[in-house]
1. Just order A:332-345, B:390-403 by mean Cβ neighbour count inside 10 Å, highest at the front, would you?
2. Between chains B and A there is a rotation axis; tell me the chain B residue with the nearest beta carbon and how many whole Å away it sits.
3. Relative contact order for chain A using alpha-carbon pairs under 8 Å, separation at least 6, rounded to a whole percent?
4. Which of the peptides A:367-374, A:240-247, A:58-65 is most tightly packed, and how do the rest follow, going by the mean number of other Cβ atoms within 10 Å of each residue?
5. Can you tell me the Rg and the Dmax, both Å, for the Cα atoms in segment A:307-349?
6. Can you give the average number of partner chain beta-carbon atoms within 10 Å of each beta-carbon in peptide A:310-319, as a whole number?
7. When the Kirkwood hydrodynamic radius is evaluated over all pairs of different C-alpha atoms of segment A:310-413, what value in angstrom, to one decimal, is obtained?
8. Could you work out the mean count of beta carbons from other protein chains within 10 Å of each residue's beta carbon in A:363-376?
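The values are calculated or read from the model by the stated rules, or taken from the named source; none is laboratory data. Small disclaimer: the values here were computed from a predicted structure and weren't measured. Counting neighbours? That spans all protein chains shown, and the Cβs are built from the backbone with ideal geometry, glycine included. Ligands, DNA and RNA are stripped out before the accessible areas are found, and what is left, the full protein with its side chains, is counted by its heavy atoms. Shrake-Rupley method; radii C 1.70, N 1.55, O 1.52, S 1.80 Å.
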2 protein chains.
Amino acid sequence: MKTIAGGVTAAKGFQAAACEAGIKYQGRMDMAMICSTVPCAVAGTFTSNQFKAAPVLWDQTILHQYGQAQAVVVNAGIANAATGVPGLDLCRQTAEAAAAALHISSSLVLLGSTGVIGPALPLDRMTAGINRMAAQLSDTTEAGTLASRAIMTTDTVNKETAVAFELPAADGRGTVTVRLGGMSKGSGMIHPNMCTMLGYLTTDCAISRPLLQKALSAVVPDTFNMISVDGDTSTNDTLLLLANGQAGNRCIQEEDGSYALFRDALFQVCRTLAVIMAGDGEGATHLIEMRVIHADTKENARQLARSVVSSSLVKAMIYGKDANCGRILCALGYAGPAFDPFSIELYMVSPDQNLCFYRDGRVQNFDEEKALALLSEHAVRFLCDLKMGDEEATAWGCDLTYDYVKINGDYRS
Amino acid sequence: MKTIAGGVTAAKGFQAAACEAGIKYQGRMDMAMICSTVPCAVAGTFTSNQFKAAPVLWDQTILHQYGQAQAVVVNAGIANAATGVPGLDLCRQTAEAAAAALHISSSLVLLGSTGVIGPALPLDRMTAGINRMAAQLSDTTEAGTLASRAIMTTDTVNKETAVAFELPAADGRGTVTVRLGGMSKGSGMIHPNMCTMLGYLTTDCAISRPLLQKALSAVVPDTFNMISVDGDTSTNDTLLLLANGQAGNRCIQEEDGSYALFRDALFQVCRTLAVIMAGDGEGATHLIEMRVIHADTKENARQLARSVVSSSLVKAMIYGKDANCGRILCALGYAGPAFDPFSIELYMVSPDQNLCFYRDGRVQNFDEEKALALLSEHAVRFLCDLKMGDEEATAWGCDLTYDYVKINGDYRS
């Protein structure tokens, strides 16, 4: 498997476009479209928030009723959440507008929205944007990049990645190259126990829909669900994976070696996007990585790791480059899973020798200068050895800064 | 029942003192002592964090083994947490020093510490402080106030309150006045699912120890456990209630009217201290109150209310005086308890007419100017009507500000 350039247009048969629809932002692109040349099998995971935004409800209906789709239309600026029946009507009208422009059925159109909760989306501008994008669809890397930029809100960088790997050819003669790429956005209102913000993955792999969903559900718990920016699980979180089968591989129908390869590629793409998202949290200046090893169960390892990257006190301490390791211990201590405080060990990860913060039930004396040097890196990494079993998990977050407060003190204006 | 002046010395037979022990802070008092003229029945609740600080372990042992105490010694600046066996030894030595100075048994001495996790407490300075305080014990209101100031860390105001109420006299002739007062500290690392930061309550009420604990356990879930500053459950949270029986009331031995009166007084004292603590959260400029009514169960009402006051996005929005009610809906939606998003209503509480934010499944148009005026008050109050049952709960928190980040970016120095 190797990383390749591009995002949603990396896989064969996928096109993308973006435009300035003027939905809320001015002077920047705020709408994106992805379209496959043929209908795709679709898998998805969605927010667990009870206030599911209208496009989330729309996409869930499409997935459950049809299980396939051909196009995705996404806007930034307004979330179409807490908008009642009119919000649902608007989804239908938007899908119909896209269907007309693309000459497909509206039941093949998925939708995504991100932005302020409450206001209504302007159908006229949405429709105008859709018509312009339908005429500009392109399979170039650039088109995918533009799409990844158009869905940004408070993100400071666009997020896309892609990989290529080999699978047995459908005709039995050797292998073919399969591609899997994606884009995502997310900066605030990001927290585990959901899928994530908006994420759109495309692949030309031929794979059955049940296995597509199985692979997606398998990788999400250790990728998108292991990041946190602020502990707030959004109303709009959506992760979609479209597979159009254009690579020419022998269709994956069972959990064989090809499935394992596909799942590994999916894991890599999801983890890359998740880590970029965590590091680009609202106002963030640092990426925080917390790895918990030798846990008794996988879920306990996840809970402990997430508790640390979600802690406001840990996040503020990283911003201040303060090696106040008691805060990490504290966050482990209230996470829930039981462990022995007298036997665990806590380290700050260093390229040469890890710095021991805690051992034998006590905070250790450590080299403050070295700690400061490690805290001055963009990525700050911690390791906790629970000495209980063989499970491990890693969570990613970001620091809490003045800018987070600034951004969220006046988000609507 | 009426509110009276004072705190821990309001009840008969309780004395207090404070001193500059120079443990970590310079030029301010950092140690406090409370002492009763006679041994007291004691009730307590403690942190659920697995890294329990040494003084928490000490106090739990005293409570479980003896159930009574006569003195409390508290220091600010160093938490004596994650200090291993030496930290436990230091507790014993501190209690022995206090016992010697007060001529009581060391098993009657309770301890409390708050501050940085990791460093060792200096026994010599602790002992010197104890000796000075033992010589200065006083039952004046001022002595109680000094004690409440000495235990502050990043608190900006000291926290004390007291009430008086009438109970039947022990000799059967009319009633006697019973007093209950307390002090607490807490500004950061404050979150429900624990008791709270440090809280010390004293009463001259005669009451059996089981009922004392029962009353305390009954009021904590709706008072101290309903506040959150930053979602971090401390390693040191301790709430102690000492009853010395000096009021001369007929000892409360069963859950009768006297018990109900006592529990009501305890509720008022605990709620007052809890709300002051929430409003004095680190860096806070606003108190946030979230009341959830007509819930199906009490616990669901609590969870929903706490989710809102714990949300970073809600907290930042209050700081920015931004009436972005979607964030409150979002926090309700991921809280856990099920409800119908199409039937609930959300209001901003106003002295005249409440402002409707959300009804009929949609965000409502509301008077932005009026919302801004309400958001400019110190206390900002919201009300959610779930329309499910008869239970309700209220949670209190504070806004997220630049100063919170500043305070916690460099807490150790």
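1. On the way: A:332-345: 18.5, B:390-403: 22.9.
Descending packing order for the listed peptides: B:390-403, A:332-345.
2. Axis-proximal residue of B, distance in whole Å: B:402, 3.
3. Numbers: 1098 pairs, mean separation 72.1, N = 413.
Rounded, it is 17 percent for chain A.
4. Working: A:367-374: 13.8, A:240-247: 25.1, A:58-65: 16.9.
Those peptides, ordered most packed to least, come out A:240-247, A:58-65, A:367-374.
5. 10.6, 30
6. Taking all residues of A:310-319 together, the mean is 6.
7. Numbers: mean 1/r = 0.0665 Å⁻¹.
Hydrodynamic radius (Kirkwood, Cα only) of segment A:310-413 equals 15.0 Å.
8. Values: counts 10, 2, 1, 0, 0, 0, 0, 0, 0, 0, 0, 0, 0, 0.
Whole-number average of other-chain Cβ neighbours for A:363-376 is 1.
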